[in-house]
Amino acid sequence: MAQCCILGAGNWATAFARVLADAGHHVTVVARRPAVADGINQHRHNPDYLSDIDLGDRVDATTDPVRGLAGVDLIVLALPAQQLRGYVRHLATLPVWRDSTAPVLSLVKGIETGTDMRMSEVIAQAGGVAPERLAVLSGPNLAREIAERQPSLSVVAAHDPAVARRIQQLCLTPSFRTYTVDDVVGVEFAGAAKNVIALAVGMGEGLGYGHNALASLITRGLHQVAALGEALGGRRSTFAGLAGLGDLVATCMSPLSRNRTFGERLGRGLDVAEASRESAGVAEGVATSRAVRDLARAYGVEMPIVEGVVAVLEGRTTPAAMVPVLMEREPKPEL
């Protein structure tokens, strides 16, 4: 049995705590609010996220990262992307973090605004973590379904193959399986950029477009994401796998997806502030969209869907006006 620490207590953190517990490990969830930690400790449920899921006796919680990190075999980060730097910068002041040699697994899907850095890069820079200790997990990761023990596959990517294999074994359960790859850039970028495409697909859903239109957005979105991912150093094949196509389809089509649902609200006529008020949790694609656009422009990769999403988020156009502009693009070979 391994000792695991999950920093964060949202939907994905809660679901992954159950995965690790199902795999036979002890898990300490580090929450920010005492009420969440108390709910897990006293009632075996997270009162704020997936509150109907019984976490069992192998999961406990604290608000103290020092206690949570003491003597652990695996550190898991499951925080909002734009809050990650500040959090790990604080962790880097703690001896228990600095002295640890445990693998660090990021579940965070996003690109940091202002720096355009991937989450593993933020952890390495702000947290002082050696890249060979870092791994990222991505794929079709709808937290509700994983917490309900529905069959799910994911990918673990790490610079050190031994780290990837170790994490693969740690989270092995009858309903949750992972593959390993060494394409950290591709896996991580795919997991971040698909949220932006999901916003566009959600807008189409909100506008009442049919499956032809939505499938077209998904397919062209995948092509554009893969092109930029390859320019960043990822492998094109990664985007055809679980971290690319798999995650994109799940995020774009499921009502459980916060990004797809956020886009749908925009398509129905809500503005960004109104859609944010109606949303439970963070739609990472809202902030990530600008970072992806900036990267695309810097690397000379055309991403018209991302450009359109950013224009809507910045109030320069509407979802109803965005799609016709995409349809007016010059005809050319598909690939």
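This table checks each residue for (1) part of a helix (DSSP H, G or I); (2) free of Cβ contacts under 8 Å to residues at least 12 places away in the same chain; (3) more than 19 Å from Gly208 (Cβ to Cβ).
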{"site": "Gln224", "(1), (2), (3)": "yes, no, yes"}
{"site": "Cys252", "(1), (2), (3)": "yes, no, no"}
{"site": "Thr261", "(1), (2), (3)": "yes, no, no"}
{"site": "Leu295", "(1), (2), (3)": "yes, no, yes"}
{"site": "Glu302", "(1), (2), (3)": "no, no, yes"}
{"site": "Thr317", "(1), (2), (3)": "no, yes, no"}
Residues of the range 73-104 being part of a loop (DSSP other than H, G, I, E, B), among the charged types (D, E, K, R) and either under 21 Å from the mean Cα position of the chain (by Cα) or buried (at least 16 other Cβ atoms within 10 Å of the Cβ) (or both), in sequence order, are Asp73
Test: residue in the range 133-155 that is crowded, with 20+ Cβ neighbours inside 10 Å, modelled with pLDDT of 95 or more and either of a type in the set (Phe, Trp, Tyr) or more than 26 Å from Asp22 (Cβ to Cβ) (or both) = no
Counting only residues that are assigned to a helix (DSSP H, G or I) and of a type in the set (A, V, I, L, M, F, W, C), the range 12-51 contains a total of 12
When the range 229-241 is checked residue by residue, the ones that are surrounded by fewer than 24 Cβ atoms within 10 Å (Cβ to Cβ) and at negative phi are Glu230, Ala231, Leu232, Arg235, Arg236, Ser237, Ala240, Gly241
The condition from (1) at pLDDT 95 or above; (2) part of a helix (DSSP H, G or I); (3) within 24 Å of Arg297 (Cβ to Cβ) that Gly234 misses is numbered (2)
Counting only residues in the range 105-119 that are assigned to a loop (DSSP other than H, G, I, E, B) and among the small types (Gly, Ala, Ser), the one nearest to the chain's Cα centre (by Cα) is identified as Gly110
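Does Ala226 qualify as being buried (at least 18 other Cβ atoms within 10 Å of the Cβ), over 26 Å from Ala298 (Cα atoms), of a type in the set (A, V, I, L, M) and modelled with pLDDT of 95 or more?
So Ala226 fails the test.
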Checking Ala35, Ala31, Ala13, Ala70 in turn, the sole residue that is within 17 Å of Leu91 (Cβ to Cβ), surrounded by fewer than 17 Cβ atoms within 10 Å (Cβ to Cβ) and not aromatic (Phe, Trp, Tyr) turns out to be Ala70
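The values are calculated or read from the model by the stated rules, or taken from the named source; none is laboratory data. Note that the structure is a prediction, hence the values are computed from the model and not measured. In this analysis, Cβ positions are derived from the backbone assuming ideal geometry, glycine residues included, and neighbour counts consider all displayed protein chains.
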